[in-house]
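Following: one structure in structure tokens, then a few remarks.
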Amino acid sequence: GMMSYVEANQRYSIIEAVVHLVNRDFNALANLYKRMEFIPPDEDVEPLVMALENALPDVLDASVSELNFKNVINKLGGIMYEFPFSLPPYYIAIIRCLGVLEGLALQVDDDFRIISDAYPYIASRLLTDPSPELQSALQQLLFKEGRARWERLLQLLERAKETRDYDVTDAVDKLLDYLVSPGGAVIRDQLVFDIIEGADELSAEALDILVSALAQGAMPTQDDITSPTQSPRLATASRLLTAAASSRGFEFEKVTPLLQRLGNEPAAVQAGVDIAAAVSERAVSRVIRTVFALPGAAPSRPGPGHEKAGAAADV
């Protein structure tokens, strides 16, 4: 039968391509095609991006008929004739192999969706593989223009935990490597700001509950305390923690060394000091404003390369 050897960088590129396809990041997918030498390096990718958006469905939520591998390849075939694609032999062999495997799988399971069913493995590889190529792909996926895209991390965590060999502590370890590195300074500042904002929102909710109860001559009840209205930021954080805690490999014995490691990282220690200072100062400021009915002040954002995020509001 047909045989082809796929180099490590080519395998990593295929994983990247699936991730970009799932997230409908067709601009990144088109630029990946350049790196894979499928299209010339000077080719304008904008028309290709539009063609991909129109041709490809939402792969995780598409129906079986929409995501039939043959139908997707037929749609891509029109694009490949329209643009100067040049597919290497190994890629053609993979496409043919996947077409045959999907046909066999559909004979057993009418609801089989090849990309959706393979994505948990791809998500786990992306989160835990130490190769520079996949670590770079993960950083590009999760962080853009100095901001973290937590919903994408949540999606990866939720899908990766469906695989047997996945260990969430490996994923957390790789993420921490990046956050405490010099290259993660901007994202670290943003994370510090998000934590401060989340703690501040929680503090504001708690104070509102207390003031409302005291205004009625009573103390807050258990229902008041346990069911505050969560902000989108707090809701996302809660879902991230839940996804991590319910994943394979999550054990407090494994988490403890990670926390001890953070305690020895100067960048993490400084971030913790900044968070504690800003949260306490904001809490004091809010209490004073509430007691004396003073107007609030807008919180400050961390500046580029500056660790001190979310400075206290003026009284």
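The values are calculated or read from the model by the stated rules, or taken from the named source; none is laboratory data. From a predicted model like this one, the values you see are computed outputs, not experimental measurements. Cβ atoms come from the backbone with ideal geometry, glycine included; neighbour counts cover every protein chain shown. Keep in mind that these areas ignore ligands, DNA and RNA; they rest on the heavy atoms of the full protein, side chains included. Shrake-Rupley method; radii C 1.70, N 1.55, O 1.52, S 1.80 Å.
The table that follows gives values for the structure above.
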| read-out | value |
| --- | --- |
| Sole exception among (1) more than 23 Å from residue 54 (Cα to Cα); (2) in contact (Cβ under 8 Å) with a residue 40 or more places away in the chain; (3) open to solvent by less than 20 Å² (accessible area, probe 1.4 Å); (4) in a helix (DSSP H, G or I) for residue 156, by number | (2) |
| Hits in the range 77-109 - residues which are acidic (Asp, Glu) and open to solvent by 30 Å² or more (accessible area, probe 1.4 Å) | 82, 109 |
| Number of positions in the range 227-268 that are without any contact (Cβ under 8 Å) to a residue 24 or more places away in the chain, open to solvent by 70 Å² or more (accessible area, probe 1.4 Å) and either under 24 Å from residue 182 (Cα atoms) or assigned to a helix (DSSP H, G or I) (or both) | 9 |
| Those residues of the range 161-180 which are assigned to a helix (DSSP H, G or I) and of a type in the set (Phe, Trp, Tyr), in sequence order | 178 |
| Condition met for residue 203 (more than 28 Å from residue 24 (Cβ to Cβ), open to solvent by 20 Å² or more (accessible area, probe 1.4 Å), free of Cβ contacts under 8 Å to residues at least 40 places away in the same chain and assigned to a helix (DSSP H, G or I)) | no |
| Within the range 110-128, tally of residues that are open to solvent by 10 Å² or more (accessible area, probe 1.4 Å) and touching a residue at least 60 places away in the same chain (Cβ under 8 Å) | 4 |
| Single unsatisfied condition, residue 228 versus (1) at pLDDT below 80; (2) touching a Ser or Thr at 6+ places or on another chain (Cβ under 6 Å) | (2) |
| Answer residue from the range 34-50, given it is open to solvent by less than 30 Å² (accessible area, probe 1.4 Å) and free of Cβ contacts under 8 Å to residues at least 24 places away in the same chain and is nearest to residue 142 (Cα to Cα) among those | 49 |
| Residue 16 being modelled with pLDDT of 75 or more and open to solvent by 20 Å² or more (accessible area, probe 1.4 Å) | no |
| Criterion (modelled with pLDDT of 85 or more, of a type in the set (A, V, I, L, M, F, W, C) and assigned to a helix (DSSP H, G or I)) met by exactly one of 76, 52 | 52 |
| Subset of the range 26-58 (residues that are closer than 13 Å to residue 76 by Cβ and small (Gly, Ala, Ser)) | 30, 51, 55 |
| Meets criteria (out of contact with any Gly (no Cβ under 6 Å at 6 or more places or on another chain) and at pLDDT 85 or above) for residue 171 | yes |
| Checking residue 212 against (1) modelled with pLDDT of 75 or more; (2) in a helix (DSSP H, G or I); (3) of a type in the set (Ser, Thr, Tyr), the condition it does not meet | (1) |
